[in-house]
Amino acid sequence: MAERAALEELVRLQGERVRGLKQQKASTEQIEEEVAKLLKLKAQLGPDESKQKFVLKTPKGTRDYSPRQMAVREKVFDVIIRCFKRHGAEVIDTPVFELKETLTGKYGEDSKLIYDLKDQGGELLSLRYDLTVPFARYLAMNKLTNIKRYHIAKVYRRDNPAMTRGRYREFYQCDFDIAGQFDPMIPDAECLKIMCEILSSLQIGDFLVKVNDRRILDGMFAICGVPDSKFRTICSSVDKLDKVSWEEVKNEMVGEKGLAPEVADHIGDYVQQHGGVSLVEQLLQDPKLSQSKQALEGLGDLKLLFEYLTLFGIADKISFDLSLARGLDYYTGVIYEAVLLQTPTGAGEEPLGVGSVAAGGRYDGLVGMFDPKGRKVPCVGLSIGVERIFSIVEQRLEALEEKVRTTETQVLVASAQKKLLEERLKLVSELWDAGIKAELLYKKNPKLLNQLQYCEEAGIPLVAIIGEQELKEGVIKLRSVASREEVRGKSGRLREEQWMSEEKTLWKRSGGEQASPFASAELRKLSGKCPV
């Protein structure tokens with residue numbers, strides 16, 4: 001350390017010598033000679049490891065969220081949670097990490113994307129990949145056979161992020177699941193109804209929900225000649241058809257996964273078909289597919305599902321698509337995925353899918369994998385892809401240059417003159433105690449103009465103004481920031497009903513919600529007196 005300090009001092013002195021020569025306008029040769037000495041000393045000194053530049057950034061595949069972005073996210077979450085609750089769901093939570101063996105073998109080829117944690121004392125742990133497997137573990141551990149639950153939490157995947165398209169390594173999932181033994185397709189139809197309700201409420205554009213059944217896929221693979229051992233890996237290839245062409249998928253199945261070309265062609269005849277209940281009925285009569293018992297079971301359930309979807313009024317949003325495979329290993333029956341549609345550019349063209357925003361399906365065997373006695377609990381559920389939805393909503397707001405409020409403050413307590421801090425503090429305290437969302441500026445003597453400007457910038461609709469004249473008269477002045485209209489409340493002169501009527505009108509004119517922020521009895525009393 002002492003040797004380094006001595007070198008640093010020599011570098012400092014030599015630097016001063018170089019600067020001095022430049023100020024004295026010494027000869028170029030002399031300056032260059034001294035600069036060379038300086039560089040030699042710096043080379044001897046080397047880099048200071050203790051002063052390495054620290055790059056401030058978030059880890060790859062993650063991001064921070066500004067108040068504006070969080071305001072958008074909260075609104076989206078609110079729409080989703082209200083829908084889940086409307087359908088009678090309870091809420092649970094589970095740890096962000098699980099025992100590694102809990103997650104192993106549940107995700108097929110995607111298992112390589114699981115984040116493993118360093119051993120911290122005898123337990124091998126991994127960050128959760130989704131919310132479904134932890135839910136199944138929760139059911140088995142607590143011996144539950146019947147529950148309708150929702151769960152909103154972060155999950156983690158060691159994926160290649162595409163953050164502009166809403167793909168991250170850390171992201172939220174919003175799951176709704178129905179566990180229990182029920183009559184066929186009734187819970188499944190409700191899950192699809194929920195998916196359509198949420199996507200319609202969010203107003204993010206036209207969408208289509210693709211539906212298929214793993215039993216149909218497995219039966220199709222069997223009659224096409226796919227070996228049992230290759231079912232899941234071929235299923236994973238078929239699942240890429242929404243992103244790449246059939247030729248690319250076929251090349252992967254034949255070239256990388258060793259499938260015979262004629263078998264791949266046979267699969268291609270089926271997986272490129274899509275339609276409605278008429279396609280289901282057509283396939284029920286298919287001479288080859290009807291040889292598979294499990295395919296027939298899946299087609300029969302899909303026919304029943306379309307009957308229920310028609311009763312729910314959403315059949316026009318659903319498409320039976322044989323290319324939908326959902327690569328996760330735990331699905332056993334109906335599977336579905338919602339995609340946003342891009343408006344066709346040419347006449348006669350079909351709408352194009354621009355990305356999945358929700359997905360789910362039936363997984364009747366997953367809970368049994370955790371139960372010591374192998375007892376199965378049938379489950380069906382859905383997951384809303386909120387990160388992609390957030391990206392779409394944010395882009396839309398930016399394009400429209402729409403202002404987003406980042407606070408819910410209903411009223412700012414302001415003063416018109418100096419030395420009224422005590423009165424402002426008393427009033428804002430009474431507002432808080434009455435459950436009113438209120439603020440004041442943290443200055444003893446703020447200018448009224450600055451206070452009103454703050455309201456405009458923050459989107460606060462109302463301002464309660466205290467001034468010397470108001471103190472003398474024992475009133476509070478309530479002003480709409482947008483319209484500049486005012487009402488004054490005075491004890492004994494302005495009856496409660498009259499104050500409420502005027503204040504309600506003022507609130508609505510200011511762009512407030514249907515319910516007035518001053519609807520509480522406490523504030524009605526407050527409006528008729530001065531807090532001194």
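The values are calculated or read from the model by the stated rules, or taken from the named source; none is laboratory data. Keep in mind the model is a prediction, meaning the values are calculated, not measured. Positions of Cβ are backbone-derived with ideal geometry, glycine not excepted, and every protein chain shown enters the neighbour counts. Accessible surface areas use protein heavy atoms only, side chains included; no ligands, DNA or RNA. Shrake-Rupley method; radii C 1.70, N 1.55, O 1.52, S 1.80 Å.
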Quick check on my filter: what residues within region 117-155 are without any contact (Cβ under 8 Å) to a residue 60 or more places away in the chain, in a strand (DSSP E or B) and not polar (S, T, N, Q)? 125, 127, 147, 154, 155
Could you please find all residues in region 425-444 being in contact with a strand residue (DSSP E or B) (Cβ under 8 Å, 6 or more places away or on another chain) and either without any contact (Cβ under 8 Å) to a residue 24 or more places away in the chain or not β-branched (Val, Ile, Thr) (or both)? 427, 428, 431, 432, 437, 438, 439, 440, 441
Quick check on region 285-296: of everything there that is hydrophobic (A, V, I, L, M, F, W, C) and under 16 Å from residue 334 (Cβ atoms), which residue is nearest to the chain's Cα centre (by Cα)? 295
Selected residue (only one of 88, 61, 46 is touching a residue at least 24 places away in the same chain (Cβ under 8 Å) and surrounded by fewer than 11 Cβ atoms within 10 Å (Cβ to Cβ)): 88
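Conditions (1) aromatic (Phe, Trp, Tyr); (2) open to solvent by less than 50 Å² (accessible area, probe 1.4 Å); (3) within 26 Å of residue 111 (Cβ to Cβ), marked per residue:
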{"site": "145", "(1), (2), (3)": "no, no, no"}
{"site": "155", "(1), (2), (3)": "no, yes, yes"}
{"site": "190", "(1), (2), (3)": "no, yes, no"}
{"site": "197", "(1), (2), (3)": "no, yes, no"}
{"site": "200", "(1), (2), (3)": "no, no, no"}
{"site": "215", "(1), (2), (3)": "no, yes, yes"}
{"site": "218", "(1), (2), (3)": "no, yes, yes"}
{"site": "234", "(1), (2), (3)": "no, yes, yes"}
{"site": "241", "(1), (2), (3)": "no, yes, yes"}
When only residues in region 376-404 that are touching a Ser or Thr at 6+ places or on another chain (Cβ under 8 Å) and part of a loop (DSSP other than H, G, I, E, B) count, which is least open to solvent (accessible area, probe 1.4 Å)? 377
Subset of region 99-120 (residues that are open to solvent by 50 Å² or more (accessible area, probe 1.4 Å) and of a type in the set (S, T, N, Q)): 104, 120
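Is it true that residue 96 is surrounded by 19 or more Cβ atoms within 10 Å (Cβ to Cβ) and either charged (D, E, K, R) or out of contact with any Pro (no Cβ under 9 Å at 6 or more places or on another chain) (or both)?
Considered against the rule, which asks whether it is surrounded by 19 or more Cβ atoms within 10 Å (Cβ to Cβ) and either charged (D, E, K, R) or out of contact with any Pro (no Cβ under 9 Å at 6 or more places or on another chain) (or both), residue 96 comes out as no.
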Got a sec? Which of 478, 462 is open to solvent by less than 20 Å² (accessible area, probe 1.4 Å), closer than 28 Å to residue 72 by Cβ and touching a Lys or Arg at 6+ places or on another chain (Cβ under 9 Å)? 462
Where the second residue is outside any helix (DSSP H, G or I) and open to solvent by 50 Å² or more (accessible area, probe 1.4 Å) and the first is under 14 Å from residue 191 (Cβ atoms) and in contact (Cβ under 8 Å) with a residue 24 or more places away in the chain and lies in region 295-318, which pairs have Cβ atoms under 7 Å and are six or more apart or on separate chains? 301/184
Take region 26-54 and flag every residue that is at pLDDT 85 or above and assigned to a loop (DSSP other than H, G, I, E, B). 26, 27
When you check residue 473 against the structure, is it over 23 Å from residue 77 (Cα atoms), under 30 Å from the mean Cα position of the chain (by Cα) and open to solvent by 10 Å² or more (accessible area, probe 1.4 Å), yes or no? no
Pairs needed: first member in region 455-468, within 10 Å of residue 481 (Cβ to Cβ); second member anywhere, among the polar types (S, T, N, Q) and part of a strand (DSSP E or B); C-beta distance under 9 Å; at least 6 residues apart or different chains. 461/480; 462/480; 463/480
Only residues that are within 24 Å of residue 130 (Cβ to Cβ), touching a Lys or Arg at 6+ places or on another chain (Cβ under 9 Å) and at pLDDT 95 or above: list them for region 302-325, please. 318
Can you name every residue in region 326-368 that is among the hydrophobic types (A, V, I, L, M, F, W, C) and either at pLDDT below 85 or more than 26 Å from the chain's Cα centre (by Cα) (or both)? 328, 347, 352, 354, 367
